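Take a look at the structure set out below.
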Ligand SMILES: NC(=O)c1ccc[n+]([C@@H]2O[C@H](COP(=O)([O-])OP(=O)(O)OC[C@H]3O[C@@H](n4cnc5c(N)ncnc54)[C@H](OP(=O)(O)O)[C@@H]3O)[C@@H](O)[C@H]2O)c1
């Protein structure tokens, strides 16, 4: 099993969210997330799940993390609720960790489920001053910089620079890395 984390964070302050939504509107970023995770199992926290449009998640396989186990999923065939991220250790399929901040923090600080690969998209623009309740992944970025190394390729699209990081000292499934890089090389076309 390979665990891939994917996010889009703001340069400098590592902000990823405002309230239950995103602090920017970048269609190519939404598209990159959708296409890189197409057909894969996404893992997301209850707040992210509830904040995303239902039509985007309908029909997509995903695991909603919810300690309270009270989340009502709207696609019972494809969405399952798990009350403890630790239960995903040795999951039989690859997992794509899709936020939000508390979920990234859990995965980045738990050795048994630490992501093997991180698709690190960094938005270089401004966040509108009216955005409130900003949420950041500073803690996870500290782990990223300490325990991962960045591949040399940098992919820029619409003011977002994407770098792929691999966990130091661990075997990382090369076919997954190659397919992510192949997608990023051609993104936007
Ligand atoms: N820019 C990006 O790439 C990106 C990606 C995703 C999300 N976001 C943003 O991130 C923000 C949401 O982040 P958030 O940290 O507030 O919320 P979140 O991580 O999406 O969800 C938090 C909830 O997930 C559950 N949870 C967390 N850790 C768990 C664990 N270890 N085991 C089981 N359940 C667990 C808990 O649910 P219960 O309280 O129900 O127990 C917790 O309240 C939003 O602004 C969203 O737009 C940004």
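Rule-based calculations on the coordinates, nothing more; no lab input. Note that the structure is predicted; figures quoted are calculated from it, not measured. In this analysis, Cβ positions are derived from the backbone assuming ideal geometry, glycine residues included, and neighbour counts consider all displayed protein chains.
Give or take rounding to whole Å, what are the principal axis extents of the alpha carbon atoms in the range 44-189, in descending order?
The Cα atoms of the range 44-189 stretch 43, 42, 32 Å along the principal axes, largest first.
Given a Förster radius of 35 Å and the C-beta distance between residue 20 and residue 175 as r, what FRET efficiency does 1/(1 + (r/R0)^6) yield to the nearest 0.05?
On the way: r = 35 Å, r/R0 = 1.00.
The value I calculate is 0.50.
I'd like the distance separating the alpha-carbon centroids of the range 86-116 and the range 1-31, in whole Å.
The range 86-116 and the range 1-31 have Cα centres separated by 16 Å.
By how many nm would the segment from residue 83 to residue 182 lengthen if fully extended, with 0.36 nm per residue of separation less the alpha-carbon distance?
Details: separation 99, 0.36 × 99 = 35.64 nm, distance 3.44 nm.
Result for the pair: 32.2 nm of gain on full extension.
In percent, how large is the relative contact order of the range 1-66, given Cα pairs closer than 8 Å and 6 or more residues apart? Each step should come with its number before you reach the end.
Values: 42 pairs, mean separation 19.2, N = 66.
Relative contact order, the range 1-66: 29 percent.
If I model a spin label at residue 91 and residue 58 as a point 7 Å from the Cα along the Cα→Cβ vector, what separation in nanometres do I get?
Once both label points are built, they end up 2.4 nm from each other.
Explain nothing, just the number: relative contact order of the chain, from Cα pairs under 8 Å at least 6 residues apart, as a whole percent.
Working: 329 pairs, mean separation 57.7, N = 189.
It comes to 31 percent, rounded to a whole number.
Label 7 Å along Cα→Cβ of residue 110; the range 135-153 residues with amide nitrogen under 18 Å?
Output list for this probe position: 139-141, 143-144.
Pull up the DSSP beta bridges for the range 1-81 and report the antiparallel fraction as a percent, rounded to 5. Working shown, then result.
Values: 1 of 8 bridges.
Rounded to the nearest five, the antiparallel share is 10 percent.
Principal axis extents for the range 1-127, Cα atoms only, whole Å, descending order, please.
For the range 1-127, the Cα extents along the three principal axes come out at 37, 33, 27 Å.
Quick one: if you take sqrt(5λ) for each eigenvalue of the C-alpha gyration tensor of the range 104-187, what semi-axes come out, biggest first, whole angstrom?
Values: eigenvalues 111, 76, 18 Å².
Over the Cα atoms of the range 104-187, the ellipsoid semi-axes are 24, 20, 9 Å.
Which stretch or stretches of the range 157-175 have amide N atoms under 20 Å from the point lying 7 Å from residue 131's Cα along the Cα→Cβ direction?
Residues 157-163 qualify, since their backbone N sits under 20 Å from the label point.
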